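Chemist: Before I ask anything, let me first share the structure, which is written out below as structure tokens.
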Amino acid sequence: MIIAISAITVLIAICVVIYRHQLLLKDRAELMHDAMRHRDFSFRLPTKGLLFGERALQQALNNMGEGVEKLVAHNEVESWQRLTRVLTHEIMNATTPIRSISQAYLADPDIKGTPYEEGIQAILDTSTGLAAFVDSYRKMTQLQEPVMEEIEVLEFCKSIAVLYPDLDWKIEVPGQLQLRCDPGLMRQVFMNLVKNAVEADARSIGVRYVKNGDSIPHSFGKLLISNDGHLISDEVAREVFIPFFTTKPHGSGIGLSLSRQILVMQGMILSLAPIPAGGYNVTFIIEKEIQ
């Protein structure tokens, strides 16, 4: 009788453990489903407490989330590039005759000194300003082809820091770390990130290198570029890489989208970390695209 009771107790205990474990897996599935639904592909769920097969599956799903995020970023760059090319072409086609006609009327002696002159001048100024605005976005579609070479990452970061002596720099990069890129274009990316940080009242910049896990051997890891400027809200974070989007009164909204495109041309991805590095408010990540 005692043996039977003990066996039943053990069986119940096993069933409770299995049930709780299944609830844990169900919660994980719901979390990943919510993340995918909200286009948050940066989820990283822990593997502790899982069986070896479940642990391998969870690690694969974590890696897949990172891979999807990079593919989405790459496709977004291509989509915005095509859209920007069409928009700039159409807008320039529309503004060019407006400017020409306005200039012709302003040069007419019969217009000078009349009430029409001020209105035509306003039309010319507006169309000229619009043309200049659109012309700046041609950079998005007319970037030079990158000339790739190996650079020493530590020395490169130090050369950027020299340009901003008023900032407190903390560079944690191995001395022999090399990255294959276009130095000039990479410099533009770094300067865009630092410029944004300064405009957000940052006083310190951190650059840290993080290795990839053992599952991705012999690959370049991640560069984390952090600052202590203003926090970026979740709403803004979803839009920061969209061309023309800006929260600044006089911003153009081209810096981050252009930086991401520059890196895509070199086989890399620029993203905003969902959780900033310790001691900072904002962290951007530069890493290689998945192969």
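Chemist: What does the accessible area per residue of segment 151-228 come to in Å², with a 1.4 Å probe and no ligands, DNA or RNA counted?
Modeler: On the way: 4090 Å² over 78 residues.
So segment 151-228 comes to 52 Å² accessible per residue, rounded to a whole number.
Chemist: List the residues whose amide H sits under 5 Å from the amide H of Glu172, counting only those 5 or more places along or on another chain, with H placed 1.01 Å from N in the peptide plane.
Modeler: Here the answer is Val207, Arg208, Tyr209, since their amide H atoms fall under 5 Å of that of Glu172.
Chemist: Oh, and also: About the Cα centre of segment 152-211, what is the dipole size in debye to 20, counting +1 per Lys and Arg Cβ and -1 per Asp and Glu Cβ, all else neutral?
Modeler: Details: 8 positive and 8 negative charges, 39 e Å.
It works out to roughly 180 debye.
Chemist: Can I ask one more? At a 10 angstrom cut-off on C-beta neighbours, averaged per residue, how do the peptides 192-202, 152-162 rank from highest to lowest?
Modeler: 192-202, 152-162
The values are calculated or read from the model by the stated rules, or taken from the named source; none is laboratory data. All values derive from a computational prediction rather than experimental measurement. Quick reminder, even Gly has a Cβ in these numbers, built from the backbone with ideal geometry, and neighbours come from all protein chains shown. Only protein heavy atoms, including side chains, enter the accessible area calculation; ligands, DNA and RNA are left aside. Shrake-Rupley method; radii C 1.70, N 1.55, O 1.52, S 1.80 Å.
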